[in-house]
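None of the figures in this text is laboratory data; all of them are computed from the coordinates on show. Model, not experiment: these values are computed from the prediction. Using ideal geometry, Cβ is built from the backbone for each residue, glycine included, and neighbour counts are taken over all protein chains shown.
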Amino acid sequence: MNVMNDSSDEPLRAIDFAPTDALLREDVKTLGALVGEILAEQRGPAFLDAVERLRRAAIRRRESDRPIAALADALADIDLDQAADLVRAFATYFQAVNLAERVHRIRRRRDYERSGAGAQPGGLRDVLLTLAHEGVGADELAQLLPRLRIEPVFTAHPTEAVRRALLEKERQIVGCLVADIDRGRTPPERRADRERIRLALTASWQTAEAPAAKPSVADEFEHVGFYLSDVLYRVLPVFYEMFEEALREAYGDAPALPEVLGFGTWVGGDMDGNPNVGADTIAATLAGQRALVLRAYRRDLDALGELLSQSITRVNVDEAVLARVEDYRYQLPKAAAALKPRHADMPYRNLLSLMSARLQATADESVHGYGDVVEFIADIDAIERSLAANQGGHAGGFAVRRLRRRAECFGFQLASLDLRQDSATHDAALAALLGDADWERRSADERARRLHALLDGSAPVKTDGNGAAKPSLDVFRAVARLRPRYGERAFGPYIVSMSRSAADALVVLALARAAGCADAHGRVPLDVAPLFETVDDLDAAADTLRALFADPVYRAHLDARGGRQVVMLGYSDSAKDGGMLASRWALQQTQVALTALAADSGVRIAFFHGRGGSISRGGGKTERAVIAAPRGSVDGFLRLTEQGEVIHRKYGIRAIALRNLEQTAGAVLRATLRPRPPEPREAAWREIASELSADARAHYRALVHEDASFPVYFRAATPIDVIERLRIGSRPAKRAGSGDIGSLRAIPWVFAWSQNRAGLTAWYGVGTALERALQRHGREALAEMARDWPFFNTLIDDLEMVLAKSDPAIFERYSLLAAGLPEGDLHARFHPGIAAEFQRTREAVLAIKGSSELLAGDHRLRQSIRLRNPYVDPISLLQVDLLARWRAAGRPDDALQQALVATVNGIAAGVQNTG
C-alpha cells in the first residue's frame, strides 16, 4: 500500500529543485511515502488523513500568504493523544528529510569527483593545489605541519540528544540510501532496501524519543562515545590518506604528515554548575573511554588477524615479530594456549591474537598489559616494517597503517578530558582552605598577597575536612591519582569559567598544589585556560593576560607547559550578555589584541572557541569562521566545542564527518599560510563595526537586561518552563542566582527563542544598529563591507539565515500568551517593539545585500527551509495551544506536559538551529 503516493509530492511541487537535486527530490518523495504507510499502519487511515489535512493547510498558508488563524483554529483543543502523535508524525518526516539531505551531500561529492571538474571547493585537495599555485613551497608547508592541530571538543550540552537506539536506526537507513546512491542497485535489491528502511522507520516510530529518566553523566558519555568510537575512529585514517594524497598531488615528494587531529570531551569533567560532576565522574569517564578504545583496537586486531594469514613457509618474517610472539607466549600463557595449532605457521596472526590478549590485560589493569600506547604502537610498527621488508607492504601494510594512525590519535584515552569550573566556586574553595570568611570583601592587593602565600606554602591551611574546598581538592587529587594510569594526554586544559582577573588562573595552581597535584618542583601538570564570557571580560582579556604573564609563579608554570597559553572565548554568554553583534565584535577585537600580546610576550596563545549550535552562540560553518578570523590568530591551531544538534549533524554519518574534518583542516591551512592580505579599508570598517556594536548592545540590553518586566514576558512568550523540565541533560538549566535572565544558562535562553520561531537572540538590536549605520554611512559603505570583509560578510549571511527561519506570525501567537498576565498586558507592551526590530533587521539586511528576498543567493538553504515549514508550523501552533492549557492547569507533570515535550523535540528537529 502506497497511501501517500498521490499526495506526498505536494510540498515538493512548490519547490524549484535544481537539476543536480533531482535525486534528492526522489529520496524525499520515497521516504515521505514510507512515512505515510507507517502512519496508516500504526495509527490508522483516519489519522493519516488528519496529518494530510494539516500539512496541506500549512502549505496553503505558506504558499498563498494566508492568515495563520485558520491553521491555528484547526489545531486548537485537539485531543492530547492525537496531539502527541501528530507531533511525532511530523518529526518522523523531519527525520526522513534530514537523512535524505545528508545522503545527498555524499552524492553531490561523488558526482563532483566523477565529473572531472577538478578539486571540490573547500577540500584539502583544492586548498593545497591553490596554496601551491600561490607560491607556498614544500619547505614552508613542512614548517607548519608539526604545529598544525585541529581539536573538536564534544560537550555535554544537549539541545537535541538522539538516543543511541535511534542513532542505530538512522545508520541503517543511511546505509540503504548510500548503497543505492548511484542508482546501481537491482530491482530486488532496491525492494529489500526499501523494506529495511521501512523497518527502521517503524522501529523509530515505536521507540520513545527520550528516556523516561533524566540522563546521567554516564548516559551522556554513552551518547558522545558513539561519535568518538564508532564514527570518528573509523574515518580518522581515511582523513590522513586523503591529506597525504592531496599533498602528493600538490607537492610531489611531500613532507611526512604528523598527528593533525585530536579530540576532546567535556562529558564527566564539566563541573560548572553541575553538581553531578566531580572526582567520581572524572574517574568513571576515563575508565569508560579506555574501555571503548581498547575494544575498538581489539576488533581491528581480529580483522587484521583474518587478513594477515601469511605462512612463514611462504614468506620471510622479521625476527622482531617472531621474538614478540615468543615473548608474549611466555607473558600470556592462557592466551598462548588458546592459539590454534593449525595457525602455528602464521606469525602475524599469532602476534595479533596475543596483542589482543595484552590489550585485555591492559583493560584489566594486569601487570602483563601494555604500559602505555607507545608499547602498543611499537608492536604495530614491527608488523608494518616486517610486511614492507618481505613483500607484504601492499598485502597488509595499508590496514596496519590505519590501525597505527588510530593508535597515535586515540591512544589509550580515546579523547582528552577537559575539566571546567566556575571562578566563584574556586573562590569559595580558597576561602575555606584559608579559613577566611571575609575573602570576597578583601582588596585585590590583599587577596593577591594571600594567594601567593598559599602558592609558596607560607600560608596556614585549614585541614579539618577541607570544608567547602573538599570537592575542588578531590578533583585535583583525582587528577594526581589518574594521570599516571591514563597518561599525560588523558587530560585537556582546566577551564575557568567567568574569568575576570589573573587571580582566577592562579587560584587553580594554588588549589592543585594544596591537593598534592604537583611534582616535587611545584609544577601543576595541567594547562589553565581562562574562559572570558561577557563582553566586558572579553574587552579586558588582554589586560588580564598581561598581568598573568607578568606573575613569576604563573610564568614559571607556562614555561613548564611549553610556553603555550590556552584561552577560551565564550560565544554563548557574551551573546546573552550583549547581543550577537556585540559579542562577535568583542570576540574579534579580543583575538586581535591577544595575537598582538602573544607577539610581544613570547607566549604562544592558542584560542579555544566555545561555539554553540545556534548562530547567536557562534554557530555556523566552521570553515567560514576560520577564514574570517583576524590575521595571525589561527596560526595552525583550531580548538572548538561541538555540542547539541551540531554533533549529530556534523558527525552522525561517516562520510559527512570526513568532509567536515577535511573542510576544517583546509580552512586552517589557508588561514595560516595565506591569510587575507592587509586591507587599507579595514581601519574604516572597524570604526563602523565599533559603532554597530555599541548601538546594538545598548538596544539589546535595554530590553533584555534593563527592563524589569522583560523576564516575566520572556517566561510567558516562550516555552522556557517546559525546557527547564526537559530530561535531555544532566545539569540544571540555571546557575545559582535570582531567577532573572542573567542566571539562566545561554543554551535554554537561545533554545526558548528558537522554539517560538522568533530567533530574537540573533537579531535583536542589530536592526537598530544597521539602520543607523545606513543613515550615517550610506548603503554602499555597508554593502562594500559585506562584500569584501569576511567578518562582516559572515555576520550578514548568518543574520539572513536566522531571519529566513524565523516566523513573525507564529511568534505573535506565542506573544499573545503574555496578554493576560497579572503583571498586565505584556504582549501589548513588548510585541510591537520586537516586531518592529525584526522588520528593521530584515530591511537592513536586504538593503545591504541588494536583494528583494531573503536567501536569494542560497538556493539549497531556501529549499531546505521550505521543505520543513509545512511540518514545523503545525507543531508550533500545537505548542502554543498546549502551553496555554498546561499553564492554566498549574503546569502539572502529566500527559499534557509530555505532549509539550514532544512539541519541543519536534520543533528542534525541524528548525535545526536550537541551542
Which of the aspartates and glutamates could be linked to LYS334 by a straight reach, that is with a Cα gap under 17 Å, when you skip same-chain ones fewer than 8 residues away?
GLU326, ASP364, GLU365
Rounding to the nearest 20 debye, state how big the charge dipole of the range 511-638 is about its Cα centre with +1 on each Lys and Arg Cβ and -1 on each Asp and Glu Cβ.
380 debye
Answer with one residue from CYS409, LEU307, ILE380: the one whose Cα lies farthest towards the positive end of the charge dipole of the range 272-423, charges on Cβ with Lys, Arg +1 and Asp, Glu -1.
LEU307
Using helices alone, I'd like the mean residue ellipticity at 222 nm for the chain: each DSSP H run of four-plus residues gives -39500 (n - 2.57), total over residue count, nearest 500.
-20000 deg cm²/dmol
For the chain, what does the relative contact order come out to in percent, with C-alpha contacts under 8 Å and a separation of six or more?
16 percent
Where nothing but the Cβ of Lys and Arg (+1) and of Asp and Glu (-1) is charged, how large is the charge dipole of the chain around its Cα centre, in debye to the nearest 20?
1260 debye
Descending packing, highest mean Cβ count within 10 Å first, for 402-408, 788-794 is 402-408, 788-794
Show me, bin by bin at 5 Å from 0, the whole-percent P(r) of the range 398-506 based on Cα pairs.
2, 10, 16, 19, 16, 12, 8, 6, 4, 3, 3, 1, 0
Under 5 Å from the placed amide H of GLN565, counting only residues 5+ away or on other chains, we find ARG604, ILE605, ALA606
Given backbone amide H placed at 1.01 Å from N, residues whose amide H is under 5 Å from that of SER501, ignoring those fewer than 5 places away on the same chain, are none
Here, the range 606-724 modelled as identical Cα point scatterers in vacuum has Debye log10 I(q)/I(0) at q = 0.12, 0.15, 0.19 Å⁻¹ of -0.68, -0.93, -1.11
Shape of the range 833-913 from its Cα gyration tensor (a ≥ b ≥ c, root eigenvalues): rounded if a/c is under 1.5, otherwise prolate when a/b > b/c, or oblate?
oblate
Rounded to whole Hz, the Karplus (6.51, -1.76, 1.60) HN-Hα couplings of the range 599-605, x for glycine and proline
5, 6, 9, x, 9, 7, 9
Relative contact order for the range 787-915: what percent, with Cα pairs under 8 Å and sequence separation of 6 or more?
24 percent
Options [x] 38.7; [y] 50.6; [z] 40.7 - which one matches mean projected area of the Cα convex hull in nm² as calculated here:
[z]
Return the sequence-ordered ³J(HN,Hα) values of the range 313-323 in whole Hz as given by the Karplus equation 6.51 cos²θ - 1.76 cosθ + 1.60 applied to θ = phi - 60°, using x for Gly and Pro.
7, 10, 9, 7, 10, 4, 4, 4, 5, 4, 5
Row for the range 288-410, column shape: gyration tensor on C-alpha, a ≥ b ≥ c, rounded if a/c < 1.5 i.e. under 1.5, prolate if a/b over b/c, else oblate; value oblate
Greater than 24 Å apart at Cα, pairs in LYS29/LYS849; LYS214/LYS621; LYS29/LYS169; LYS621/LYS805; LYS805/LYS849; LYS169/LYS214
LYS29/LYS849; LYS214/LYS621
Can you find, among ILE810, ILE848, ALA889, the residue sitting farthest towards the positive end of the charge dipole of the range 760-892, where Lys and Arg contribute +1 and Asp and Glu -1 at Cβ?
ALA889
Per-residue counts of other Cβ atoms within 10 Å, averaged by peptide: what ranking do you get for 196-205, 444-453, highest first?
196-205, 444-453
Please say if the range 234-334 is rounded, prolate or oblate, where rounded means a/c under 1.5 for a ≥ b ≥ c the square roots of the C-alpha gyration tensor eigenvalues, and otherwise the choice is prolate for a/b larger than b/c and oblate otherwise?
oblate
Magnitude of the charge dipole, the range 416-618, Cβ model with Lys/Arg +1 and Asp/Glu -1, debye to 20:
680 debye
Simple SL model, points at 7 angstrom along Cα→Cβ for LEU846 and LEU199; separation in nm is 5.1 nm
Treating the Cα atoms of the range 682-857 as identical point scatterers in vacuum, please give the log10 of the normalised Debye intensity I(q)/I(0) at q = 0.09, 0.11, 0.12, 0.15 Å⁻¹, two decimals.
-0.35, -0.51, -0.61, -0.90
Using only the Cα atoms of the range 739-838, construct the convex hull and provide its projected area averaged over every direction, in square nanometres to one decimal.
7.8 nm²
For LYS462, list the lysines whose Cα falls under 16 Å from its own Cα; do not include residues on the same chain fewer than 8 positions away.
LYS470
Placing +1 on each Lys and Arg Cβ and -1 on each Asp and Glu Cβ in the chain, then taking the dipole about the Cα centre, the residue among LEU167, HIS104, TYR348 whose Cα reaches farthest towards the positive end is TYR348
